[in-house]
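Asker: Dropping the structure in here first, questions after.
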Amino acid sequence: MLAATSKERTLGTVEHTAGGAILMDGKLVRDELIVQLAEQVAADGSPEVTLATVLVGDDKPSRVYVGSKRKKAVEAGLQSRHVELGADATQAEVQAAVAELAADDSVHGILVQLPLPDGLDAEAVLNLIPPEKDVDGLTERSMGRLVRGKPGHVPCTPLGVMRLLERYEIPTSGKKAVVIGRSTLVGLPQVLLLGRKGADATVTLAHSRTADLVSVCREADILVAAVGMARLITPDHVKPGAAVLDVGISRTEAGIVGDVDFDTVQEVAGAITPMPGGTGPMTIACLMQNTYAAYKMLNG
Ligand code: GUN
């Protein structure tokens, strides 16, 4: 018998918010995906697959993110290699470190944590990463492949949003999706992923200068907020029953805050991601999946 399709699969553990919305639990789904990957790596004979992380400077949150990525790589049965350069590293030093990893056959995926310290040109660094090893999907060539519908790595955060929609069986085909934010890291690839064949949503790209954002958002069956404006999205923006996914991160005095005012929006939404614990952990799970895909691409 064929394996159950996502439609036939039961949802398994699903929690609801106090207001009754499905809680799209990124930590839970990340852990499920990491366990599945570890099982697959073991079933394939435990090949040595290495994710290299590059951290430049001493931004504390970046250090925490890279630490989580390294820890989850090991849990997924992958090897983690880490290269660290000081905040005073020159452009040439950073590029030399990335070029060395690009040329090293024992490294399958390269992740350069962004942002780089002021004064460094991230584009020039990223463009040294060959497409097969670009597990973050951020280089011009990976983006070009996504636009052209060619095989390649897809940026992990928007991919994580798609995985959450799949896991919680939120229909996308023929639905209206609104993505707020036009970054290359999230908003632009998110539009492509939601609109491409298979997902088949009708997608609107909104941003900080969109006129009457409330009306635009209220049309959405799926609302992805990735603009980095703390608690921008209130119940007024949300069509009752819509799926709301929060990708925004703002560092405020009250700590890290998302784009969505969770406490009030969960009363209206049909499904919602928590912040933290929603889209962030999914980024890491997708990075691990991309790294294993990189190994397979590099080894035929
Ligand atoms: N900084 C914040 N998010 C990301 C990400 O997904 N990839 C990289 N490389 N840096 C980031």
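All of the numbers you see were taken from the coordinates with simple rules; none came from a lab. All values reported here derive from a predicted model rather than from experimental measurement. A quick note on method: Cβ atoms are made from the backbone with ideal geometry, for glycine too, and the neighbour counts reach across all protein chains shown.
Asker: Considering the Cα positions of segment 193-247, please state its Rg to one decimal place and its Dmax as a whole number of Å.
Answerer: 11.2, 32
Asker: Based solely on its DSSP helices, what 222 nm [θ] is calculated for the chain when runs of n ≥ 4 H residues each add -39,500 (n - 2.57) and the sum is averaged over all residues, nearest 500 deg cm²/dmol?
Answerer: -11500 deg cm²/dmol
Asker: Where does each of 268-276, 242-250, 39-47 land if you order them by average Cβ count within 10 Å, highest first?
Answerer: 242-250, 268-276, 39-47
Asker: Ranking HIS237, HIS16, HIS108 by Cβ neighbours within 10 Å, fewest first, what do you get?
Answerer: Fewest to most other Cβ atoms nearby, the residues stand as HIS16, HIS237, HIS108.
Asker: Sticking with this one: Given labels modelled 7 Å from the Cα in the Cβ direction, how far is it in nm from LYS27 to THR252?
Answerer: Going from the LYS27 label point to the THR252 one covers 2.2 nm.
Asker: Let me ask something else about it. Step through the residues of segment 170-180 one at a time and calculate ³J(HN,Hα) from phi using the Karplus curve (6.51 cos²θ - 1.76 cosθ + 1.60, θ = phi - 60°), rounding each to whole Hz and writing x for Gly and Pro.
Answerer: 7, x, 10, 5, x, 8, 8, 10, 10, 10, 9
Asker: Estimate the FRET efficiency between ASP58 and VAL147 by the formula 1/(1 + (r/R0)^6), using the beta-carbon distance for r and 41 Å for R0, to the nearest 0.05.
Answerer: The pair ASP58/VAL147 has a calculated efficiency of 0.70.
Asker: While we're on this one: In the chain, what cysteines have no partner Cβ closer than 4.7 Å?
Answerer: Taking the Cβ cut-off of 4.7 Å, the unpaired cysteines of the chain are CYS217.
Asker: A further question on this structure: Separation between the ASP44 and ASP118 pseudo-spin-labels, each 7 Å from Cα along Cα→Cβ, expressed in nm?
Answerer: The modelled label-to-label distance comes out at 4.3 nm.
Asker: While we're looking at this one, here's another question. What do the square roots of 5 times the Cα gyration tensor eigenvalues come to for the chain, in whole Å, largest first, as semi-axes of the equivalent ellipsoid?
Answerer: 31, 23, 18
Asker: Which of rounded, prolate, oblate describes segment 1-118, given a ≥ b ≥ c as roots of the alpha-carbon gyration tensor eigenvalues and a/c under 1.5 marking rounded, otherwise prolate only if a/b is larger than b/c?
Answerer: Taking the square roots of the gyration eigenvalues as a ≥ b ≥ c, segment 1-118 is oblate.
Asker: Additional query: 5 Å is the cut-off here: which amide hydrogens, built 1.01 Å from N in the peptide plane, fall below it relative to ALA269, excluding neighbours closer than 5 in sequence?
Answerer: GLY241
Asker: Mind putting a number on the dipole of the chain about its Cα centre? Charges go on the C-beta only, +1 for Lys and Arg and -1 for Asp and Glu, and I need it in Debye to the nearest 20.
Answerer: Rounded to the nearest 20 debye, it is 760 debye.
Asker: Give the residues of segment 15-39 whose amide nitrogen is closer than 19 Å to a point set 7 Å from the Cα of GLU166 in the direction of its Cβ.
Answerer: It comes to 24-39, nothing else.
Asker: Please give the contour-minus-distance gain from THR264 to ALA99: 0.36 nm per residue of separation, less the Cα-Cα distance, rounded to one decimal in nm.
Answerer: Taking 0.36 nm per residue and subtracting the Cα distance, the gain is 54.6 nm.
Asker: Express in nm, to one decimal, how much length is gained between LYS296 and ASN127 on full extension, taking 0.36 nm for each residue of separation and deducting their alpha carbon distance.
Answerer: This chain segment gains 58.7 nm when fully extended.
Asker: Residue by residue through segment 228-239, what is 3J(HN,Hα) from phi via Karplus (6.51 cos²θ - 1.76 cosθ + 1.60, θ = phi - 60°)? Round to whole Hz and write x for glycine and proline.
Answerer: These are the phi-based 3J(HN,Hα) values: x, 10, 4, 6, 4, 8, 10, x, 4, 7, 10, 5 Hz.
Asker: Remind me, relative contact order of segment 90-179 in percent, using alpha carbon pairs under 8 angstrom and six or more residues apart?
Answerer: Normalised by residue count, the contact order of segment 90-179 is 20 percent.
Asker: Within 10 Å of each residue's Cβ, count the other Cβ atoms and sort MET282, MET143 from fewest upward.
Answerer: Least crowded to most crowded, the residues run MET143, MET282.
Asker: In percent, how large is the relative contact order of the chain, given Cα pairs closer than 8 Å and 6 or more residues apart?
Answerer: So the answer I get is 21 percent.
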